[in-house]
Each structure stands twice: as C-alpha cells, then as structure tokens.
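Values quoted throughout were computed directly from the atomic coordinates according to the rules given, and no laboratory measurement underlies them. Predicted, not measured: the structure shown is a model, and the values here were computed from it. Here the Cβ is made from the backbone with ideal geometry for all residues, glycine too, and neighbour counts use every protein chain on show.
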Amino acid sequence: MLDQGIISPSTSPWASPVILVPKKDGNLRFCIDYRKLNAVTIRDAYPLPRIDDTLDSLRQAKFVSTLDLRSGYWQVEMDQDSRNKTAFVTHKGLFEFNVMPFGLTNAPATFQRLMDIVLAGLKWQCCLVYIDDVVIFSPTFEQHVKDLEKVFQALQSANLTLKTSKCQFCRREMRYLGHIITQNGIKPDPDLIKSVTNFPQPKKIKDVQSFLGLTGYYRRFIKDYSKIAEPLLQQLRNCQKGNHHLKWSKECTDAFETLKQRLTNAPIMNTPNFEQPFILELDACEYGLGAILTQEYDGEKYVIAYASRTLSTAERKYGATEREALAIVWATKYFRPYLEGNKIYIRSDCKALEWMRTAKDVTGRLARWAMKLSAYQIEEIKYRPGRLNANADSLSRNPLSNNDINQLEVSTIETAVNLWQNTNILDDIRKEQEADSKLKPIIELLKTKPSTDFN
C-alpha cells in the first residue's frame, strides 16, 4: 500500500488499531478498527437508494449487466485535512491513508454520492447504483450495448476503474439485491424461502415438534391451522400416551406440505416496507443457524425472508454464546440488501448476547465480528426466551447445508454504531456457565472437591 501511494507515514495524534481478518482462500484481509473515530464523527445523512424503487426500475429490463469497481473506496481521494484522522498503528510505525479506507462510518454515503454525481443523467434511465453495485439495464440488446458505452465513458471521465473478473455483461437473468431479475419480470430469490420449502420430512417425534414450533408461531395467519395440522398434532398426542414411535401417514404428508406452502405465501410472506425497522429473529444450536427477517407495524407481523445453514466443523466447537454471535454476523451479511441503512432490532434466546452492545475490551474473533456488525444500525439486541423463539429455533435445528446457500463474501467493514463500551465480560461468562445445565454439576463438584489442576 505504501508503494502504491495508498498510505503515507504519519505524525498524527490519532491512532486506530489494525485487525487482520481471515479470508475464505486462507489469505488475510487488512482492516482498521475505526470504532472510536466513528463514535465522534458526525454521520453523513446522504440517502442510499430504496431497494423497492430500484427494483421498480428494472421490471421492464430485458438485458442486464453489473459492474464491480476495483477497490472502490480506494479510488476516492481523502481530503488533505482529514487524512491524519485515518492514522493506524503497525509494527513499522504510524501511517495514514491518502485515499478513503474501509471502515469509516461515512464511507458508504460518500461513495454513493460520488457515484450519483458521476452517473448523473444516466441513473434511473439506463443504470442504477447501490453503493458499489452498478447495474445497467435495457429493453433490447442493441440499446444495451449503447447504454454500456455511455456508462463506461462516464466512469472513464471520472478516472474510475473496473475489476472485469467480477463484472457480468448482457445477462437475461441475474440475482440482484435479494431478487431474480428476468425478462419476464422480477421475482423473489428462492433462496430466501428455501429454508422452509426444503424443510426435511420428520423422521422422529422431535422433528414433528420442531416443525410445529415453526408453523405454530404463525398460526394466526394460517386459516384452519388446527384442522390442517391435526394429523401431526395426533402424533404428539400418541407420544404423550407412551407411543414414542413416529407413524407417518399420507395424511401427515399432506398436512406437512400444506403447512409449508401456507408458510411461504401471503399473508405471512410480505414485501419489505422500508419506512419501518427490520427485526432479525435468530437461533443457533450445536449444528446449525436459523434466521427470520420480519417487520411489525399496524398491529401485524410480516415475514420478509427465511434463512438457515449448517455449522462447519470448526464452528461446531464454538461455545453457545459464540454461536449466537455468529448467527448475527451471518444473518446481517445474508440479508444485507434489506438491512443496510435501516434500523435493526435483534431477537435471540441467548441472554449473554445482551452484553454485545456494551462490552469493551474484546479481542480476536469477537473483535472482528464486532467490526462487521458495526456496519449496521443495530438499535437493540434483546433476549427472547427459547419458548418464544420457536420459529428461528426450528430453522437452526433443520438447517440447509452450506452447499445450498449462496455465500456472499463481506469485503467491507463500515462502522455505523459502537457496539462495545463497558462491561466485565468475564462476569457475564461466569454467570452463563453457572446457569448452564451441563456445566453446573461440574462447577459444583469442583467447589466441593477442589482440584489443583484447575487452580
């Protein structure tokens, strides 16, 4: 970066720490923790485009192309008087950025403003911009070629360069902002309801309980719910009478498929209302994560999307609190097109997560996750008992495999809120351990029969 002129040696009184974040390919991503700087920064209120307006403009598109700017933020020069505030500490001394770094709270708004200026006159006519996502759309192939040329000329005049390996040209169908754009119109990305439509047929009583926990949570939206679910409910009654073997029948299959179909259609599934905050309902178990994106307004609750995935071998070694924290990081990344720039309320059945908004001196994995989460306007992380979180719990216990999920790499860490402030994390961990049903007997045993190995 020094040789490329991206950074310069600094004598600034400001100094932010460096964090190296592992990438999927084994390499490391260089990141700066600008949370303290962002905490004293006046937020730029420049608006991001509304996703619903963006999608409306694409409804008549027959040909679509997407462009990816090469290290987009680094193509924006920092104001000379502000460069010293970007200073960061390394083992070779203090350096500052000559260009806009990732991690500044106003970086997304600044970049959006730049792109709106560069593409003025073309935006909404033949192209759209959502921060670093540029889309060109046209009704015919001939017109699309002309529109691409106009956009290229505008970018060239602003000295902006593209990463061609990540650009896609002249496509008839494309995923964009959680939707599938086709020549026949726009439809929701099926991945957003795959967690429900691919819910495996129950093989034991516990599976039936899990599925009814998910569907029962939305029973007020499903007409004749009790009547439809009766064959499955009868399985639970048989279990209560001592018959713990699942006797699956055609009636059970019909009830199972009908409830899945009802669960993925109106009035439960709804389009997002960007005038309202979003609610993320999360759960993590020993082998999977589950998330449901919802909204509540006008006295009603609406589901926007479902998601789930299995945990990797390494992730299954995480403690309960780390798994729940991972669920937040994964879900916010997965639902990024909906959440970015909007208020978010998080609901989890892990009480320990409440300290995330106030914890201070965390390191390692939790520190990296904190930086990722701080890109979003998280208003609240609230504990919700498991019995009230049955919907997300069901998805976490019946997750999709990682191969079924469209994994998106988070390449920017843009900080908007300070999630970590002041609490004693060790006290919180100690309280959770004492409340854990598996750890409690061990703790009691060590108290009554102390071992020198644990002193």
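Amide H contacts under 5 Å for H179: D189, restricted to partners 5 or more places along the chain or on a different chain, H placed in the peptide plane at 1.01 Å from N.
All distinct Cα pairs of segment 194-263 go into the 1/r average, and the inverse of that average, the Kirkwood radius, is 12.1 Å. Taking amide H as placed 1.01 Å from N in the peptide plane, the amide H of S10 sits under 5 Å from that of L94, F95, E96, each at least 5 places away or on another chain. The phi-based Karplus calculation (6.51 cos²θ - 1.76 cosθ + 1.60; θ = phi - 60°) puts the 3J(HN,Hα) values of segment 108-123 at x, 5, 4, 5, 4, 4, 4, 5, 5, 6, 4, 9, 4, x, 10, 4 Hz, whole numbers, x for Gly and Pro.
Sorting the segments 132-139, 365-372, 289-296 by their residues' average number of neighbouring beta-carbon atoms within 10 angstrom, most packed first, yields 289-296, 132-139, 365-372. How large, in Å, is segment 1-159 by the Kirkwood hydrodynamic radius built from its alpha-carbon pairs? Computed over Cα pairs of segment 1-159, the Kirkwood hydrodynamic radius comes out at 17.7 Å.
Checking the cross-link pairs K150/K333; K36/K317; K343/K438; K203/K260 against a 25 Å limit on the alpha carbon distance flags K150/K333; K36/K317; K343/K438 as lying beyond it.
For C127, the residues whose modelled amide H falls within less than 5 Å of its own, excluding neighbours fewer than 5 places apart on the same chain, are F137.
Once you treat every alpha carbon in segment 31-76 as an equal point and sum by Debye, what is log10 I(q)/I(0) at q = 0.17, 0.20, 0.27 Å⁻¹? Here log10 of I(q) over I(0) equals -0.87, -0.98, -1.08.
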